[in-house]
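Notes to accompany the following structure.
Please treat every number below as a calculation from the coordinates, not as lab data. As the structure is a computational prediction, the values presented were derived from the model and not from experiment. In this analysis, Cβ positions are derived from the backbone assuming ideal geometry, glycine residues included, and neighbour counts consider all displayed protein chains.
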Amino acid sequence: MKIAAMIGSNRAESYNKQLVEYMKDRYQENVEIDILPIEKLPFFNQDEELNPPEIVKEIRQRIKESDALLFATPEYNGSISGMLKNAIDWFSRVDLVMVNKPGMVVGASMGALGTVKAQLQLRQILNARGVGVLTLPGNEVLIGSVQNKMDEQGNVTDEQTIDFLDSVVHNFVHWCDTVLK
Ligand code: FNR
């Protein structure tokens, strides 16, 4: 199964980026995670949507070729980052490449609540008509105090978090393979 991933932080040491890279490595036998370079997208401009820049066409194609989507969100001021919203807006138009694709949401923050506000908003955005990403209710990964749960190399070190992540990924893949087939 091929999963296209959007990461909402362009910070070099982003925990969310490290989390997706960790998942890419850990679950490589079951899923292939393609990290989309959404940080290269220009600001969405509706005037350009019918004849968009090359990077939009390239990412659109990679989404089309994927079986599922992964969204890794930081929490910025109680919401998702502008960068992630910008990417979702681009791919919610014209070809509607995300509609009816299953999507998994993860998020890590240094605060105790682990991106809960951002994830609630993200799930609402994913429900919008042109976005249309299907999410499995309750299958959530919220990693709070992430600075205590990952090492310098970007490995998740907290056993409970690893077990939890394993179960959420398992549920997601099972859902894609059975209920959605
Ligand atoms: C934050 N941060 C943050 N954290 C949180 O738990 N709730 C919040 O509302 C915010 N707001 C916020 C706004 C802005 C503009 C920044 C830059 C940061 C802290 C944030 O969780 C922390 O920087 C994470 O490390 C960001 O994710 P990455 O870049 O590590 O993936």
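Local charge for Gln46 was computed over the other residues whose Cβ lies under 11 Å away, with Lys and Arg +1 and Asp and Glu -1, and equals -3. Over the chain, with a Gaussian network built from C-alpha contacts below 10 Å, which listed residue (Arg123, Arg11, Arg60) shows the highest mean-square fluctuation? With Cα springs under 10 Å in the chain, the top fluctuation among Arg123, Arg11, Arg60 is at Arg11. Taking a straight line from the alpha carbon of Lys2, these lysines sit under 23 Å away, with near neighbours fewer than eight places off in the same chain left out: Lys17, Lys24, Lys40, Lys57, Lys64, Lys85, Lys101, Lys181. Which residue, Gln119, Gln153, Gln61, has the most motion in a Gaussian network model of the chain that connects Cα atoms within less than 10 Å? Among Gln119, Gln153, Gln61, the largest GNM mean-square fluctuation belongs to Gln153.
Residue by residue, region 164-181 carries 3J(HN,Hα) couplings of 5, 4, 4, 5, 5, 5, 4, 4, 5, 5, 4, 4, 4, 6, 10, 4, 7, 6 Hz when phi is fed to the Karplus relation 6.51 cos²θ - 1.76 cosθ + 1.60 (θ = phi - 60°); x denotes Gly or Pro. With a/c under 1.5 counting as rounded, go ahead and sort region 6-99 into rounded, prolate or oblate using the C-alpha gyration tensor (a ≥ b ≥ c being the square roots of the eigenvalues; past the cut-off, prolate if a/b is larger than b/c, else oblate). Judged from the Cα gyration tensor, region 6-99 comes out oblate (a/c at least 1.5, b/c at or above a/b). Subtracting the Cα-Cα distance of Leu50 and Arg129 from 0.36 nm times their residue separation leaves 26.6 nm of extension gain.
Here the calculated FRET efficiency for Val94 and Asp177, from their Cβ-Cβ distance with R0 = 35 Å, stands at 0.75, rounded to the nearest 0.05.
Anisotropy class assigned to region 12-52 is oblate, per the alpha carbon gyration tensor with a/c at or over the 1.5 cut-off and a/b no larger than b/c.
Using only the Cα atoms of the chain, construct the convex hull and provide its projected area averaged over every direction, in square nanometres to one decimal.
Dividing the Cα hull surface by four gives the mean projection, 9.8 nm².
The phi torsions of region 112-119, fed into the Karplus equation with coefficients 6.51, -1.76 and 1.60 and a -60° offset, translate into couplings of 5, 8, x, 6, 4, 5, 4, 5 Hz, rounded to whole numbers, with Gly and Pro shown as x. For Ile35, the amide hydrogen comes within under 5 Å of the amide hydrogens of Ala5, counting only partners 5 or more places away or on other chains and with H modelled in the peptide plane. Here the Karplus relation 6.51 cos²θ - 1.76 cosθ + 1.60, evaluated at θ = phi - 60°, turns the backbone of region 4-21 into coupling constants of 8, 10, 10, 10, x, 10, 9, 6, 4, 9, 3, 5, 5, 5, 5, 5, 5, 5 Hz, with x for every Gly and Pro.
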